[in-house]
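Have a look at the structure below, then the notes.
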Amino acid sequence: MTDRVAIITGGSRGIGRATAIAAAERGFRVCIGYASNEAAAHKVVSTIEATNGKAIAVKCDVGEESDILALFKAADKFGTLGALVNNAGVVGPTSRVDEMSADRIRRIMAVNVTGSILCAREAVKRMSTRHGGRGGVIVNLSSVASRLGSPNTYVDYAASKGAIDSFTVGLGYEVAGEGIRVAAIRPGLIDTEIHASGGEPDRAHRLAHMVPMKRVGNAEEIAKAIVWLMSEDASYVTSAILDVSGGR
Ligand code: NAP
């Protein structure tokens, strides 16, 4: 158990929501970011408070550096940062590369890659013993797309997650001697609203037959792996990438 703060970007829905609830159950004070769905974010806060947990919600589009700075400022007032979950991530509509606009690709990279790196920068400034911090954990959300490449669907998204894999390994090495562990989870097909945002609400279920375990995963199954990485039970795990994908 800990009285420290965990920042979870994109904590209002899906995997981020499940992670916020699971982290609060393990004693973290949870600071969730959300892009626009204020009602969903406040519902997560109420759910956590109903079981005597502590949570706040802050509007933060991780594609905007000023929003990231505001998120961390709010978290500073809430307690001492102990964990960051770089969960916020977006896909574009299903498309081939030869049909993609520059704006679409820039947006995917700004949110999934630059946003995660900037959040990690702010977390390292607070948690690194080099800066007088007490250490901590950073968990990045990658995807099995980084291995599979997502042809004819969203190769740009897959490439953004490939960048997250490299970032996880490199940052982990960089801060391993400063009390910070860095790891990534690569979810497979998980039943959340991200598929609808890509224009294919039934994508996960349609592809379930391709999963060795023959089913989609749920957000709670990913959250359990994330909070394990955040815990002392994972005290010797860093620069590591864990597939939670039913074997896919
Ligand atoms: P989701 O259900 O679509 O939820 C997305 C969450 O991120 C929401 O809380 C949303 O906030 C927030 N968000 C969206 N754009 C944002 C932005 N620009 N800045 C900050 N927050 C933003 O997504 P999910 O399926 O839970 O995915 C979570 C992570 O897991 C992502 O990184 C995704 O790439 C990764 N992942 C998911 C799957 C899967 O099958 N679901 C598989 C592999 C990897 P609002 O509520 O305000 O919109």
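The values are calculated or read from the model by the stated rules, or taken from the named source; none is laboratory data. Small disclaimer: the values here were computed from a predicted structure and weren't measured. Heads up, the Cβs are rebuilt from the backbone with ideal geometry, glycines too, and the neighbour counts pull from every protein chain shown. Note: areas computed on protein heavy atoms with side chains; ligands, DNA, RNA excluded. Shrake-Rupley method; radii C 1.70, N 1.55, O 1.52, S 1.80 Å.
From the list Arg186, Arg134, Arg248, the lone residue that is within 13 Å of the ligand (Cβ to nearest atom) and either farther than 16 Å from Gly89 by Cβ or modelled with pLDDT under 95 (or both) is Arg248.
Quick one: is Gly115 part of a loop (DSSP other than H, G, I, E, B) and within 14 Å of the ligand (Cβ to nearest atom)? For Gly115, the condition - part of a loop (DSSP other than H, G, I, E, B) and within 14 Å of the ligand (Cβ to nearest atom) - is not met. In region 146-161, the residues that are without any contact (Cβ under 8 Å) to a residue 24 or more places away in the chain reach residues that are open to solvent by 30 Å² or more (accessible area, probe 1.4 Å) and near the ligand (Cβ under 10 Å from one of its atoms) with C-beta atoms within less than 7 angstrom, at least six apart or across chains, in these pairs: Ala158/Ser146.
Specify the residue that is farthest from the ligand (Cβ to nearest atom); the eligible residues are those in region 1-43 that are among the aliphatic types (A, V, I, L, M) and outside any helix (DSSP H, G or I). Looking at the filtered set, the residue picked out is Met1.
Please go through region 119-140 and give me each residue that is under 13 Å from the mean Cα position of the chain (by Cα) and in a helix (DSSP H, G or I), ordered by number.
Of everything in region 119-140, those that are under 13 Å from the mean Cα position of the chain (by Cα) and in a helix (DSSP H, G or I) turn out to be Cys119, Ala120.
Look at region 86-112: where a residue is more than 7 Å from the ligand (Cβ to nearest atom) and a partner is assigned to a helix (DSSP H, G or I) and of a type in the set (Lys, Arg), sitting 6+ places away or on another chain with Cβ atoms under 6 Å, you get Gly92/Arg104. When Asp98 is tested against (1) closer than 21 Å to Ala23 by Cα; (2) assigned to a helix (DSSP H, G or I); (3) open to solvent by 30 Å² or more (accessible area, probe 1.4 Å); (4) not polar (S, T, N, Q), exactly one condition is not met: (1). For region 44-55, a tally of residues being among the β-branched types (Val, Ile, Thr), more than 10 Å from the ligand (Cβ to nearest atom) and either under 18 Å from Val90 (Cα atoms) or open to solvent by less than 50 Å² (accessible area, probe 1.4 Å) (or both) returns 2.
Please indicate, with yes or no, whether at least one residue in region 227-234 is at pLDDT 95 or above and outside any helix (DSSP H, G or I).
Of all residues in region 227-234, those at pLDDT 95 or above come to 227-234.
This time we only want the ones that are outside any helix (DSSP H, G or I), so: 231.
Yes; the residues of region 227-234 include at least one that is at pLDDT 95 or above and outside any helix (DSSP H, G or I).
Considering only residues in region 6-37 that are surrounded by 24 or more Cβ atoms within 10 Å (Cβ to Cβ) and of a type in the set (S, T, N, Q), the one that is farthest from Ala184 (Cα to Cα) turns out to be Ser12.
For region 228-248, taking the residues that are on the phi > 0 side of the Ramachandran plot and touching a Pro at 6+ places or on another chain (Cβ under 7 Å), the one that is surrounded by the most Cβ atoms within 10 Å (Cβ to Cβ) is identified as Gly246. When region 141-178 is filtered for residues that are assigned to a loop (DSSP other than H, G, I, E, B) and either over 27 Å from Thr94 (Cα atoms) or open to solvent by 60 Å² or more (accessible area, probe 1.4 Å) (or both), the ones remaining, listed by number, are Pro151, Asn152. The requirement of being over 23 Å from Ala234 (Cα atoms) and either open to solvent by 20 Å² or more (accessible area, probe 1.4 Å) or not hydrophobic (A, V, I, L, M, F, W, C) (or both) is not satisfied by Arg130.
Among the conditions (1) open to solvent by 30 Å² or more (accessible area, probe 1.4 Å); (2) over 24 Å from Val97 (Cβ atoms); (3) in a helix (DSSP H, G or I), Arg215 misses just one, which is (3).
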